[in-house]
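The values are calculated or read from the model by the stated rules, or taken from the named source; none is laboratory data. Quick caveat: nothing in here was measured; it's all calculated off a predicted structure. Note that we place each Cβ from the backbone using ideal geometry, even for glycine, and neighbour counts take in every protein chain shown. Remember, those area values only see protein heavy atoms, side chains included, never the ligands or the DNA or RNA. Shrake-Rupley method; radii C 1.70, N 1.55, O 1.52, S 1.80 Å.
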Amino acid sequence: MGKISAMRVIRATYLGSLFVSVLLLVVGSFLQPLSAQASHSGQSSDKHVDVAVFKLPMTPVSAQYYTRLLQTAEDDGAIALLIKLDTPGGLVDSMQDMVQRTLASKVPVIMYIYPQGAQSASAGVFLVYASHVAAMAPNTRIGSSEVLLNAGNDQSSSSTPESGDTAALRRKVTNELVSLIRDLATHRGRNPDFGEGAVRESKNLGADNALKQKVVDIVALDVADVLKQADGRKVDVSGKQVTLNTKDATTRNIDLNWIEQILLVITDPSVAFVLISLGTLGITWEFINPGAVFPGVVGALMLLIGFMALGTLPINAAGVAFMGLAFVLFIADVFMPTHGILTAG
C-alpha cells in the first residue's frame, strides 16, 4: 500500500506542476500586452535616439530581436533608432520580415554599417535600402546579394550547371528580390541599378563609392557624426513626412537580453546544421535501441532547435511544439522508469 500511495503522490505532483505551468502561460500571455501598453503610456519627454548593435546573421531569432528593438524605440519615445549593422546576410524569409517591420516603423530607422571593416552583405543590402537613413563608416562595404540555393548541401557543386527546376527556382527568387529592392530604392530615393546588380551579379561597393552612387546617404566616422549629418533630413515614416532633429539628441543603448544571447548562439545557421545532424542520430539511436530514452529526448530537442534556426519551423510553431513536447515528457515520466530524464528534457 505504501508504494501505491507514493506513486499516487508522484503522479499528483506532476499533474499539479502541469496545471501551474499552463496557468502561468495563460496569465503571462495576458500580462505581456498590458506591460507593453503601460510602457507606451509612460513615454519619456527628453529627446533621445536609441542605439543598438546588430552583428548577426538574419535568422528567425535575430528577426525577433530586431522587432523588439523597433518596438522598444516606439514605446520609449525615441526620435529615431540607430542600428550599428554588421551582417553577412541570412535567410530571405527573415529578411522580408525585417524589411516589412522597418517600413511599418513609427520611428525613423537609421541603418549605420559600422565599425570600420564591417559589411552589409546579401540580405543585409535590403535592410539598408529599407531604412529611412542609410549610413556607412569608412572602409566598410555593401553588396553581394546573389541568391544562394541549397546552402549547406555538400552534394551540390558550384561547378555543376543548373538546369530544370533548380534553374527555374533561382530565376523566380532572383526576379522577386530584384523587384523588391527596386521598389525599396524608389521609395527611399536610392540607386535601384546597384541594388539589382547586387542581386543579379553580386556587385559590391565601398563607403565612398556607395555615397557617390546614392546607395547610402551618409559616410560618417561615428554615431555622433551620423546624428549630426542626419539632422534636418526629411523622411517618410509610415506615410508621414518627418524632419529629423538628431543633432543634439542623447543616445540610449539597447542591449541583447540573456535569453536572446542564448537563442542566437544555438540558432546560428552553422550550429543549426550540426544540431539537425546530431538530432537525427539521437532519434535513430532511440529506434535502434528502444528504451534508451536519453538519445531520443536530446535528439528531439536538437531537431526542433535546428529547424527553428533554419526557418523551416516558424518561431510561434516552434514554441507550440516545445510546449507540447514538454507536456508529453512530463506525463510519460510518471509512467516510465527514466529516473527523471524525461522531466529534464
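A few remarks follow.
- Comparison of 216, 226 shows that the only residue that is of a type in the set (Val, Ile, Thr), buried (at least 17 other Cβ atoms within 10 Å of the Cβ) and in contact with a Phe, Trp or Tyr (Cβ under 6 Å, 6 or more places away or on another chain) is 226.
- Any hit, segment 119-129, residues being of a type in the set (Val, Ile, Thr), touching a strand residue (DSSP E or B) at 6+ places or on another chain (Cβ under 7 Å) and either within 26 Å of residue 249 (Cβ to Cβ) or buried (at least 24 other Cβ atoms within 10 Å of the Cβ) (or both): yes
- Close Cβ contacts (under 8 Å, 6 or more residues apart or on different chains) running from residues in segment 257-283 that are of a type in the set (Asp, Glu) to residues that are modelled with pLDDT of 80 or more and not in a helix (DSSP H, G or I) comprise 268/57; 268/59.
- Subset of segment 126-144 (residues that are in contact with a Gly (Cβ under 9 Å, 6 or more places away or on another chain) and either farther than 16 Å from residue 62 by Cα or without any contact (Cβ under 8 Å) to a residue 40 or more places away in the chain (or both)): 129, 136, 137, 138, 139, 140, 141, 142, 143, 144
- Wholly enclosed helices (runs of 4 or more DSSP H) of segment 205-273 bearing at least 1 residues within 25 Å of residue 63 (Cα to Cα): 223-230, 258-266
- Hits in segment 105-130 - residues which are of a type in the set (Val, Ile, Thr) and part of a helix (DSSP H, G or I): 125, 128
- Within segment 185-213, restricting attention to residues that are among the basic types (Lys, Arg), open to solvent by 80 Å² or more (accessible area, probe 1.4 Å) and without any contact (Cβ under 8 Å) to a residue 60 or more places away in the chain, the residue that is nearest to residue 137 (Cα to Cα) is 212.
- Residue match in segment 41-58 (condition: of a type in the set (Val, Ile, Thr), part of a helix (DSSP H, G or I) and either at pLDDT 95 or above or over 27 Å from residue 225 (Cα atoms) (or both)): no
A quick yes/no check of all residues on (1) open to solvent by less than 40 Å² (accessible area, probe 1.4 Å); (2) under 27 Å from residue 129 (Cβ atoms); (3) modelled with pLDDT of 85 or more; (4) of a type in the set (A, V, I, L, M, F, W, C):
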| position | (1), (2), (3), (4) |
| --- | --- |
| 236 | no, yes, yes, no |
| 245 | no, yes, yes, no |
| 251 | no, yes, yes, no |
| 254 | yes, yes, yes, yes |
| 274 | no, no, no, yes |
| 295 | yes, no, no, no |
